[in-house]
Amino acid sequence: MLKIGDVLLVSIQVELEDQVVLELQDDLAARIVDSGASGVVIDITAVEIVDSFVGRMLATTAAISRMLDAQTVVVGMRPAVAITLVELGLSLGGVRTALTLEKGLEILARRDDSRPAQL
Amino acid sequence: MSGLAPVPDAEHESVPIGSNDDVVRARQLVRALAQQCKLSLVDQTKLVTAASELARNTLVYGGGGVMRVGLVHRDGRVGVTAVFEDSGPGIPDVDQALTDGWTSGGGLGLGLSGARRLVDDFTLQTEVGGGTQVAITKWAR
Ligand SMILES: Nc1ncnc2c1ncn2[C@@H]1O[C@H](COP(=O)(O)OP(=O)(O)OP(=O)(O)O)[C@@H](O)[C@H]1O
Ligand SMILES: [Mg+2]
């Protein structure tokens, strides 16, 4: 887990066991609070399949981050993964996605500008 | 359960499904065979995703079991068949279990119904108290 400015970057590189997926979700929530990050990017460029378990984790993570005042963007989804997810019945409605890391960071930067100024 | 479902021909491999680790191994084995029979990338992804759902169900609801997987041939076509078998509690209401969104646990209820959509052939045999067997096949185009 990397912190770039206000953003936590999580890059999923290996095929994850369910238990590791859950641990990642917990670690991320803790890191958001510790670091005061305002955004989270989850890079799934290397991920070959997203099944209902991982899909649910992405949705849950986005919801948890939102509650902790951070926005999540999932980047790098492969076309075959997107096709499969929709056919599986998981459209990940509550999850913001971007095609590339750069675009994901852009979305988060825009959001940050629109945060109300501190009094 | 007695083996009524299609059994992959000739050389098939068996993988025990008893841990999260085994679910990962099952996915990898299915992917290797899908590549070997030259399924398109999208079809590989669909098949491996379906296998992942079924392997997890075998583990979580079936209390563990086995996956048998291999290449199959029919009418000059080649495909990959994976059979997931457990001797767990079985599924009392199959129609309900195959309904999108229905779960008896804390899932999304998309595994079974989604897996059925993702493959070409899908058969489910189950007996309350006797276990569950789900067979899926994806054919190369
Ligand atoms: N091998 C099995 N043995 C017994 N019951 C099963 C088995 N597989 C599925 N079921 C039952 O069918 C239901 C639906 O399964 P399905 O995979 O669609 O959803 P889920 O596992 O509950 O959630 P999801 O897969 O979306 O995370 C399960 O909740 C369970 O009750
Ligand atoms: Mg399931």
Which of the residues belonging to region B:91-108 are within 10 Å of chain A (Cβ to nearest Cβ) and surrounded by fewer than 13 Cβ atoms within 10 Å (Cβ to Cβ)? B:101, B:106
The correct count of residues that are polar (S, T, N, Q), part of a strand (DSSP E or B) and open to solvent by less than 10 Å² (accessible area, probe 1.4 Å) in region B:109-136 is 1
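For (1) under 19 Å from residue A:85 (Cα atoms); (2) within 9 Å of ligand 1 (Cβ to nearest atom); (3) in contact with a helix residue (DSSP H, G or I) (Cβ under 6 Å, 6 or more places away or on another chain); (4) among the aliphatic types (A, V, I, L, M), each residue gets a yes or a no:
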{"position": "B:31", "(1), (2), (3), (4)": "yes, no, yes, no"}
{"position": "B:40", "(1), (2), (3), (4)": "yes, no, no, no"}
{"position": "B:49", "(1), (2), (3), (4)": "yes, no, yes, no"}
{"position": "B:62", "(1), (2), (3), (4)": "no, yes, no, no"}
{"position": "B:68", "(1), (2), (3), (4)": "no, no, no, no"}
{"position": "B:91", "(1), (2), (3), (4)": "no, yes, yes, yes"}
{"position": "B:104", "(1), (2), (3), (4)": "no, yes, no, no"}
{"position": "B:114", "(1), (2), (3), (4)": "yes, yes, yes, no"}
{"position": "B:119", "(1), (2), (3), (4)": "yes, no, yes, yes"}
First in region A:5-23 and within 18 Å of residue A:101 (Cβ to Cβ) and at pLDDT 95 or above, second anywhere and among the aromatic types (Phe, Trp, Tyr) and open to solvent by 50 Å² or more (accessible area, probe 1.4 Å), Cβ under 7 Å, 6 or more apart: none
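Among the listed residues A:54, A:40, identify the single one that is in contact (Cβ under 8 Å) with a residue 12 or more places away in the chain, within 14 Å of another protein chain (Cβ to nearest Cβ) and open to solvent by less than 60 Å² (accessible area, probe 1.4 Å).
On the way: A:40 fails: within 14 Å of another protein chain (Cβ to nearest Cβ).
Checking each option against the conditions leaves just A:54.
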Just the residues that are basic (Lys, Arg) and away from every other protein chain (no Cβ under 14 Å), please, taken from region A:58-83. A:66
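The values are calculated or read from the model by the stated rules, or taken from the named source; none is laboratory data. None of these values were measured; they are calculated from a predicted model. Glycine gets a Cβ as well: all are built from the backbone with ideal geometry, and neighbour counts include every protein chain shown. In case anyone asks, the SASA skips ligands and DNA or RNA and just uses the protein heavy atoms, side chains included. Shrake-Rupley method; radii C 1.70, N 1.55, O 1.52, S 1.80 Å.
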